[in-house]
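My questions will all concern the structure given below.
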Amino acid sequence: NNLDKIKFNDEELQKVLNSNKGILTLSTYYKYKIDSVAGLIPTIKVTVRANPTTTMADFKQVMEASTDRVKTVVKNFEFIENFKEANVSDLPSLYYNCRYSLTLANGDNMKVRNRYYMIPKGAYYISISLMDNETNEDCSDVLNNFIESLQLTR
């Protein structure tokens, strides 16, 4: 019922994105309460972002370029699965899976794995990511179930 209360037309959605610097977090799901465990908490994040492209080829090129920027910020970035086409809620999408290290405040390195789905929808795209630790807490099934349950109507 709440979805019926929040029906944005394209112009309204663009205004919301512009007022949030081109990105809007729709939801974040944590496996544990933030203050209940030390270290990495597996997290699914759903965002809406401005899409500057009009074709899937251009979209893929822009997404690959954004990954190149990430490589300059994190250590040991590597693809587990490089960009590939996917289908989310019957929509053509992109997917990739990567790992990297983050340096914590105490100087320790934390290994992180991140899976991304990017679903272009005209002037915006939906980004769904799962961050977890592949060595001791694989949450792939949670992400797969989440993606399979999506019913994107707009």
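Evaluate segment 48-69: report whether one residue or more is among the aliphatic types (A, V, I, L, M) and in contact with a Gly (Cβ under 8 Å, 6 or more places away or on another chain).
yes
Related question: Which residues, taken from segment 96-112, are charged (D, E, K, R) and open to solvent by 80 Å² or more (accessible area, probe 1.4 Å)?
Listed by number, the residues that qualify are Asp108, Lys111.
Okay, moving on. If you take the residues in segment 114-154 that are in contact (Cβ under 8 Å) with a residue 24 or more places away in the chain and touching a Cys at 6+ places or on another chain (Cβ under 7 Å), which one is nearest to Val88 (Cα to Cα)?
Ranking the qualifying residues of segment 114-154, first place goes to Leu130.
For segment 65-95, give me each residue that is over 15 Å from Ser129 (Cα atoms), in a helix (DSSP H, G or I) and open to solvent by less than 70 Å² (accessible area, probe 1.4 Å).
Hit for segment 65-95 is Ala65, nothing else.
Shifting gears a bit: Can you confirm whether Glu12 is among the acidic types (Asp, Glu), surrounded by 10 or more Cβ atoms within 10 Å (Cβ to Cβ) and modelled with pLDDT of 85 or more?
Judged against the criteria, Glu12 is not a match.
For segment 42-94, name all the residues that are of a type in the set (D, E, K, R) and under 19 Å from Leu24 (Cβ atoms).
The answer is Lys45, Arg49.
Sticking with this structure for a sec: Give the residue, chosen from Asp4, Asp58, that is in a helix (DSSP H, G or I) and at pLDDT 85 or above.
Asp58
Collect the residues in segment 33-64 that are free of Cβ contacts under 8 Å to residues at least 12 places away in the same chain and open to solvent by less than 80 Å² (accessible area, probe 1.4 Å), keeping them in residue-number order.
Ser36, Val37, Ile41, Thr55, Ala57, Asp58, Val62
Looking only at residues in segment 113-147 that are open to solvent by 50 Å² or more (accessible area, probe 1.4 Å) and assigned to a strand (DSSP E or B), which one is nearest to Pro42 (Cα to Cα)?
Filtering segment 113-147 for residues that are open to solvent by 50 Å² or more (accessible area, probe 1.4 Å) and assigned to a strand (DSSP E or B), the one nearest to Pro42 (Cα to Cα) comes out as Met131.
Given the structure, is Lys21 loosely packed, with under 12 Cβ neighbours inside 10 Å, part of a loop (DSSP other than H, G, I, E, B), modelled with pLDDT under 75 and not polar (S, T, N, Q)?
Against the criterion (loosely packed, with under 12 Cβ neighbours inside 10 Å, part of a loop (DSSP other than H, G, I, E, B), modelled with pLDDT under 75 and not polar (S, T, N, Q)), Lys21 qualifies.
The values are calculated or read from the model by the stated rules, or taken from the named source; none is laboratory data. Owing to the predicted nature of the structure, the values given are computational and were not obtained by experimental measurement. For neighbour counting, all protein chains shown are included, and Cβ atoms are generated from backbone atoms with ideal geometry for every residue, glycine included. Protein only, heavy atoms only, side chains kept; ligands, DNA and RNA dropped before computing areas. Shrake-Rupley method; radii C 1.70, N 1.55, O 1.52, S 1.80 Å.
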